[in-house]
Structures are given as structure tokens and as C-alpha cells.
Amino acid sequence: MPNAVATRGLEGIVATTSSICFIDGEAGVLSYRGIDIHELASKSTFEETTYLLWFGKLPTQAELAAFSAELAAARSLNWRVFEFLRSVPSSATPMEILRTAVSLLSIYDADDGNCAHDANVRKAYRLTAQIAMIVAIFDRIRKGKSIIDADKSLSHAGNFLWMLNGEKPSETATRTLDIALILHADHELNASTFAARVIAATLADMHSAITGAIGALSGPLHGGANEATMHLLYAIEAEGADPVEYVKKMFAEKKKISGFGHRVYHTEDPRATHLRRMSEELGRAAGSTKWFDMSRQIELFVKAEKKLNANVDFYSASTYTTLGIDIDLFTPIFAVSRIAGWAAHVLEQHDDNRLIRPRADYVGPVYPSPYIPFDQRS
């Protein structure tokens with residue numbers, strides 16, 4: 001492309017305008033619709049935060065009650081989706097199941113084929129409720145446990161834990177997951193959200209965009225870092241090793257430590273601030289801060305040795321593990337939260353659409369290159 005400079009990974013490139021999420025990587029600021037993430041994490045709920053992302057303002061009490069009721073009412077799945085979840089091979093991963101199930105949902109959605117704004121909002125309600133249900137139901141099916149019916153009197157976080165574990169969650173566990181969902185709800189043009197917007201920009205339907213977003217999230221460079229962090233903690237425990245010495249050895253072997261550094265933040269990831277605290281508080285409530293203590297030792301060493309800050313994935317690992325959540329559900333739970341942001345971005349893209357079509361900096365053989373006949377090719 002003449003007179004253009006390529007940027008690997010589109011780093012630093014502004015691809016669109018958006019009123020949903022603001023990030024200042026130098027100052028460590030993250031806000032949804034202008035409201036700082038620290039305020040939302042300490043004062044809001046996932047339902048209220050989702051309303052803010054979708055509708056651009058904080059709801060009144062009546063609006064929040066109606067929104068929460070609508071979200072709870074959407075906790076239902078077509079029987080064919082249950083059949084699918086029961087029929088998949090045991091080797092299937094939760095992310096594969098979630099990606100495929102969301103695509104399947106579109107066929108049975110009441111607004112299938114309708115991409116008008118109001119229809120997209122209705123789809124957003126359903127997808128937010130259904131993604132959480134699919135993750136919980138599949139986990140129980142693969143473990144040979146009975147499926148737990150949704151409890152529409154519980155919050156989104158509370159109902160997810162109820163359907164996952166089959167027992168009413170404590171207030172501490174519910175609030176911890178609720179905050180984690182708020183912290184993960186949106187993050188501007190991350191890989192999965194950008195994928196969703198690119199798909200939506202073709203005027204494909206919301207289910208297609210969300211299916212693509214889940215596919216992007218499944219990659220280890222996006223949604224899988226907290227899984228790698230927990231595998232590290234388990235490996236250290238299994239060897240009975242000192243966490244700092246173990247990480248020192250990894251550095252000496254040129255191995256990467258997951259959960260540190262960020263493409264956008266050059267200071268502490270503001271989401272990590274809350275997850276660090278929650279990991280410690282949840283550990284104390286559970287009677288063991290083992291995972292937090294190991295994480296904290298590693299964090300302080302990596303910060304001193306490599307000048308790298310912990311990101312959102314590092315402490316979400318110990319937080320989710322203390323909640324009793326299996327490692328391979330960490331990334332699906334990311335989707336349980338991020339559907340709020342994905343839906344907001346699909347709504348925004350469809351409401352003011354332009355096809356997203358970047359160019360590439362061509363670095364292939366010089367033009368024009370001759371066509372060589374078969375008998376002259378070496």
C-alpha cells in the first residue's frame with residue numbers, strides 16, 4: 001500500500017469512535033461510559049453496570065428493577081440446546097461447547113433474522129442470561145451431576161454460582177463474583193470485542209458476532225492467561241517449591257510468566273487492584289490464603305525483577321479457584337461477563353455502521369512478477 005506504514009497487531013491504531021469504554025494506559029484508568037471502574041466495582045452491580053453499557057446511563061431504581069427482572073426472565077434454553085449439551089464428546093472443552101452453543105442459539109431465537117435495534121437489545125438480554133446457563137449446565141453434565149434449574153430470584157452472579165454448584169452461594173462468594181463480572185465486562189477494542197465489531201460491521205446478526213468474539217477469546221493470548229497462571233500455582237504447590245525460586249528458574253530458562261504486563265496499561269491494571277484484594281479477602285473467608293500468598297510473592301518478585309505489573313488475569317486465577325471453580329471454566333466465565341460489553345459494541349456498531357475494511361502493507365514479491373510456464377520452473 002503506497003505511503004502507508006504498517007503497525008504490527010494494529011498497536012496504537014485508532015480503528016473507530018466509541019462512547020462505551022475509556023482507557024488511559026499511562027494513568028491506569030478504566031471507565032465505562034465515563035464512570036471509573038473503581039467506583040463501579042465498589043458501588044455497582046453487574047446488572048447495573050450492564051444497563052450502563054447498553055443504554056449509556058445509570059438506571060433509576062425502577063429501571064434497574066425492570067432490567068434485572070428482564071434479565072432473569074431470559075434464563076431459559078430451547079430443549080434442543082440441552083440435547084446438544086448432553087450429546088457432545090467428553091473431550092470437548094467448555095469454550096468449544098460455548099462457541100458452538102451460542103451459534104446454535106440463533107436458530108431458535110425469537111428475533112432470528114431481525115437486526116433492528118430493539119431486536120438486538122432483546123437478543124442481548126437472552127444471550128447474557130443464556131451464556132451463563134450454558135457454562136454452568138455443561139459443567140454439571142460432564143461431571144455426571146443433575147442440572148440445576150435457574151433461580152430467577154437470584155442475581156446474575158448468584159444464579160450462576162447456584163446453577164454451577166447446586167447450593168445457594170454465600171453473600172461473600174456472590175459479591176466477589178459480581179465484582180469480577182463488573183471488572184471484566186468491557187475493555188474497549190480488545191481482540192474479542194474488535195472481532196465482534198468487525199463481524200457486526202458486515203451487518204451479520206448478533207449471534208454471529210458473539211460467536212466470533214468467543215472464538216477470539218478462546219486463544220491463550222487473550223482469555224486463557226488466568227488458566228496458565230493457576231497451572232503455575234498448582235505446579236509450584238506440587239513440587240513444594242518456593243514461589244520466588246520457582247519463578248527465578250523460569251526466568252533463567254527464558255519462560256514466560258502469565259498474568260503480567262499489558263498491551264495498553266503501562267502502570268497497574270486497575271482491575272488487578274480489586275482482584276488482588278478479593279483474592280485475599282475470599283481466602284481469609286475460606287480459611288486459607290495459600291493461593292493469594294503464593295500469588296503475592298510472585299507479583300512482588302516479578303515487579304522488582306522485570307518491572308512488570310500484574311494484570312487482570314493474575315489474581316482472577318486465585319480468586320476463581322478459591323470460589324471452587326475449575327481451571328477450564330476461567331475463560332468461559334470471562335465470556336459470562338464480557339457478553340455485556342460485546343453486546344454494547346454490537347449495538348453501537350449496528351446503530352452507526354460502516355464496514356470495517358483495513359488495508360495491508362504488502363511485503364511479497366515485487367510487482368509486476370512474470371508468470372513462469374511449467375517447463376521453466378525450478
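The values are calculated or read from the model by the stated rules, or taken from the named source; none is laboratory data. It should be emphasised that the depicted structure is a prediction, and the values quoted were computed from it without experimental measurement. Cβ atoms come from the backbone with ideal geometry, glycine included; neighbour counts cover every protein chain shown. Note: accessible area is taken over every heavy atom of the protein model, side chains too, but ligands, DNA and RNA are not part of it. Shrake-Rupley method; radii C 1.70, N 1.55, O 1.52, S 1.80 Å.
Here is how the numbers come out for the structure above:
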| item | result |
| --- | --- |
| P(r) histogram, all alpha-carbon pairs of segment 255-322 included - 10 Å bins from 0, percent | 23, 54, 21, 2 |
| Computed accessible area, Met95, all protein chains, 1.4 angstrom probe, square angstrom | 20 Å² |
| Solvent-accessible surface ranking, highest first, for Cys21, Cys115 at 1.4 angstrom | Cys115, Cys21 |
| Ser218 accessible area, 1.4 Å probe, all protein chains in place, Å² to nearest 10 | 60 Å² |
| Calculated P(r) tail over 20 Å for segment 271-365, as whole % of Cα pairs | 56 percent |
| Compactness of segment 7-65 - radius of gyration and Dmax, Cα, Å | 14.0, 47 |
| Calculated P(r) of segment 65-120 - Cα pairs past 18 Å, % | 48 percent |
| Where the chain is the region considered: accessible area per residue in Å², 1.4 Å probe | 48 Å² |
| Computed over segment 173-218, the ratio Rg/Rh where both radii use C-alpha atoms and Rh is Kirkwood | 1.11 |
| Summed side-chain charge close to Arg75 - residues other than Arg75 whose Cβ falls under 11 Å, Lys, Arg +1, Asp, Glu -1 | -1 |
| Two-site FRET efficiency, Asp361 against Leu221, from Cβ-Cβ distance with R₀ of 22 Å, rounded to 0.05 | 0.50 |
| Cα Rg, Dmax (largest Cα-Cα span) when computed across segment 130-198, Å | 14.1, 40 |
| Net charge, Gly9 excluded, C-beta distance under 14 Å - Lys, Arg +1, Asp, Glu -1 | 0 |
| Net charge of Cβ neighbours under 13 Å - reference Leu52; Lys, Arg +1; Asp, Glu -1 | -3 |
| Shape call, segment 287-327: gyration tensor on alpha carbons, a/c limit 1.5 | oblate |
| Principal axis dimensions, largest first and in whole angstrom, of segment 37-162 by Cα | 45, 34, 24 |
| Hydrodynamic radius (Kirkwood) for segment 314-378, which is based on Cα pairs only, to one decimal in Å | 17.6 Å |
| Size-normalised alpha-carbon gyration radius of segment 179-255, reference 2.2 N^0.38 Å | 1.54 |
| Sparse-neighbour loop sites [trypsin sites (Lys or Arg not before Pro); segment 95-162; at most 16 other C-beta within 10 Å; DSSP] | Lys143, Lys145, Lys152 |
